[in-house]
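K.L.:
First the structure, which I've put down as structure tokens, then a few questions once you've had a look.
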Amino acid sequence: MVERFIAFFLALSGWWVTGTVFLLAATESALFIGLFLPGEIAVILGGVLASRGSASIWLIVPAAVLGAIVGDSLGYVLGKRFGAPFLKRKFGPRWQRVESFMQRHGASAVFFGKFSAFLRAVVPAAAGAAHIPYRKFLFWNVIGCVIWGAGFALLGYFAGESYEKVMGWGGRIGAIIIGGVVLMGIVLYVVHRRRRARQDAVEPGKASERVRSVRPSSTSAPHHGLS
């Protein structure tokens with residue numbers, strides 16, 4: 001199935017490429033298509049066709065990102081509407097893995113799940129079933145979709161005709177991206193703490209200087225002479 005899809009996709013050009021990327025990215029979680037055909041394949045191939053000049057990378061990236069956001073939102077609504085019992089019947093024993101993942105990560109599971117083919121297809125519905133507030137869901141979802149869509153589209157673009165070598169890297173690339181994001185978060189946290197510590201060290205000195213500047217001087221007291 002995957003081989004036939006790749007052959008079909010690589011024969012496309014122009015807006016057909018952009019539309020197919022959007023459609024596959026959206027239906028991956030909205031209709032659980034990602035369980036059979038991971039959306040990242042279409043995104044990578046979209047980047048490959050952009051490198052050939054058959055499409056524009058400036059359209060492929062937003063198509064992947066927006067398609068993923070729209071599809072995940074539909075998956076969220078589906079999960080909220082039908083609830084966990086429906087999803088448990090649909091996914092059987094695998095649903096326990098999803099529940100465990102959601103319990104460990106909470107709302108941030110929407111972000112981390114974006115980099116696993118199975119979780120990417122199921123977590124949006126699980127978030128809806130868990131009644132995670134949509135604003136919180138959307139926050140994590142947009143971050144994950146931007147990194148996922150742009151990352152895999154650019155991977156295909158720069159891989160070019162070597163796309164077959166990177167096609168199977170999805171899981172490892174996802175782990176690298178998550179590791180990079182976590183590392184960046186740690187660095188930003190350390191920088192913020194150090195900057196805050198420097199400000200706390202400087203502010204007492206500034207405060208004492210202000211106190212001294214407004215304290216009246218003994219030499220400035222008025223002197224009234226006798227007439």
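Every number here is computed from the coordinates shown, using simple stated rules; none is lab data. Remember, it's a predicted structure, so these values are computed and weren't measured experimentally. FYI the Cβ positions are ideal-geometry reconstructions off the backbone, even for glycines, and counts take in every protein chain you see.
K.L.:
Out of the residues in the range 27-63 meeting the condition of being surrounded by fewer than 20 Cβ atoms within 10 Å (Cβ to Cβ) and among the aliphatic types (A, V, I, L, M), tell me which one is farthest from residue 156 (Cα to Cα).
P.N.:
Selected residue: 31.
K.L.:
Can residue 12 be described as without any contact (Cβ under 8 Å) to a residue 60 or more places away in the chain, on the phi < 0 side of the Ramachandran plot and part of a loop (DSSP other than H, G, I, E, B)?
P.N.:
Numbers: without any contact (Cβ under 8 Å) to a residue 60 or more places away in the chain: yes; on the phi < 0 side of the Ramachandran plot: yes; part of a loop (DSSP other than H, G, I, E, B): yes.
Yes, satisfied.
K.L.:
Among helices (runs of 4 or more DSSP H) lying entirely in the range 70-164, which contain 2 or more residues that are among the aromatic types (Phe, Trp, Tyr), surrounded by 24 or more Cβ atoms within 10 Å (Cβ to Cβ) and touching a residue at least 24 places away in the same chain (Cβ under 8 Å)? Break it down stepwise before answering.
P.N.:
Details: elements: 94-105, 109-112, 117-129, 134-159.
Those helices (runs of 4 or more DSSP H) span 134-159.
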